[in-house]
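Written below as structure tokens is the structure these notes are about.
Only the coordinates and a few stated rules stand behind these numbers; no lab work does. Since we're looking at a predicted model, the values are computed, not measured. Please note: Cβ atoms are built from the backbone with ideal geometry, for glycine as well, and neighbour counts cover all protein chains shown.
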């Protein structure tokens, strides 16, 4: 394994990344390139391959459903960061199964090597009812249940000689290029002419800036412990009503409440997420890895013109 020591611990030199052209993955790529890593990115099509090459990333062709391509990609790398996911909400269970198989294939390929393997999950896998911490196990009945199987699969690799860990990300990973829940909420508000929240809107979302998240992935790669769960959380809990109020003010539309019964019709697939109360803490992560978010928090970042440009 190619590595050298530094005051940050073991430095992995050649890293295989899935989802390398994505919103989070591309930030991780830049984070790694900036400190001299060699990066190998999984590309499922010509457009992704071209984008990776332009970033200075070595291209490896394949996709999550092609486990043989994944195995070939990880074998000559010193570490793995897995951020890709098939975001098909019409078959979320199927997407989760594809992810689990991909995780198992990559983990099995490096078993016994001691290499780091960091995968992505979500803080919403934790059962509701409190502030989620790194000690909380994923709930198979959660809204993000398909992610739980992948968490379990990679953490099991810790007993097989893999420095396997999980980075859980919040419902909102924000910043330039965001195409997740917040832009979807803005789009619905623009279409419906109102910016809405569910019931009293006091349910909370945790959040993190994509650049802070990228830095956490690097720290987990370099210093993460086998079998550890880390939380990429900067804002522990932002009331959804507060998010809706910024959207309403920016779009110059009324901000209103929708009942639970009205939510599905108004928000569609987003209704369940907008109704969830899912605060989370990263106190342990910050202590263990020395990770300290430095980028703008969700509300000041959202309150920028870039989120509202058509």
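With contacts taken as Cα pairs under 8 Å at a separation of at least 6 residues, region 228-310 carries a relative contact order of 49 percent.
As a test, work out the antiparallel percent of DSSP beta bridges whose residues both lie in the chain, rounded to the nearest 5. Expressed as a percentage, antiparallel bridges in the chain total about 15. For the pair region 28-106 and region 126-167, the centres of their Cα atoms are 20 angstrom apart.
Label zone of residue 245 (point 7 Å out along Cα→Cβ, amide N under 20 Å): in region 257-271 this covers 257-259.
Efficiency by 1/(1 + (r/R0)^6): what FRET value for residue 135 and residue 108, r their Cβ-Cβ distance, R0 = 30 Å, to the nearest 0.05? Using R0 = 30 Å, I get an efficiency of 0.65.
Determine the shape class of region 19-113: with a ≥ b ≥ c the square roots of the Cα gyration tensor eigenvalues, call it rounded for a/c under 1.5, and otherwise prolate if a/b is greater than b/c, oblate otherwise. Verdict is oblate for region 19-113. Classified by the C-alpha gyration tensor, region 264-310 has an oblate form. Its axis ratio a/c, with a ≥ b ≥ c, is 1.5 or above, and a/b does not exceed b/c. If you take the square roots of the eigenvalues of the alpha-carbon gyration tensor of region 118-187 and sort them as a ≥ b ≥ c, do you get rounded (a/c under 1.5), prolate (a/b over b/c) or oblate? It is prolate, given that a/c is not under 1.5 and a/b is the larger ratio.
Our note on the geometry: Cα centres of region 177-205 and region 250-310, 8 Å apart.
Which one is right for this structure if semi-axes √(5λ) of the Cα gyration tensor in Å is calculated from it: (i) 43, 23, 17; (ii) 33, 20, 19; (iii) 51, 20, 15? Read-out from the structure maps to (ii). Subtracting the Cα-Cα distance of residue 33 and residue 190 from 0.36 nm times their residue separation leaves 52.7 nm of extension gain. Computed over the chain, the per-residue total of -39500 (n - 2.57) for DSSP H runs of n ≥ 4 gives a 222 nm mean residue ellipticity of -11500 deg cm²/dmol, rounded to 500. Here the peptides 122-131, 251-260, 215-224 are ranked by packing, the mean other Cβ count within 10 Å, and the order with the highest first is 215-224, 122-131, 251-260.
The relative contact order of the chain, computed from alpha carbon pairs under 8 Å that lie at least 6 residues apart in sequence, is 18 percent.
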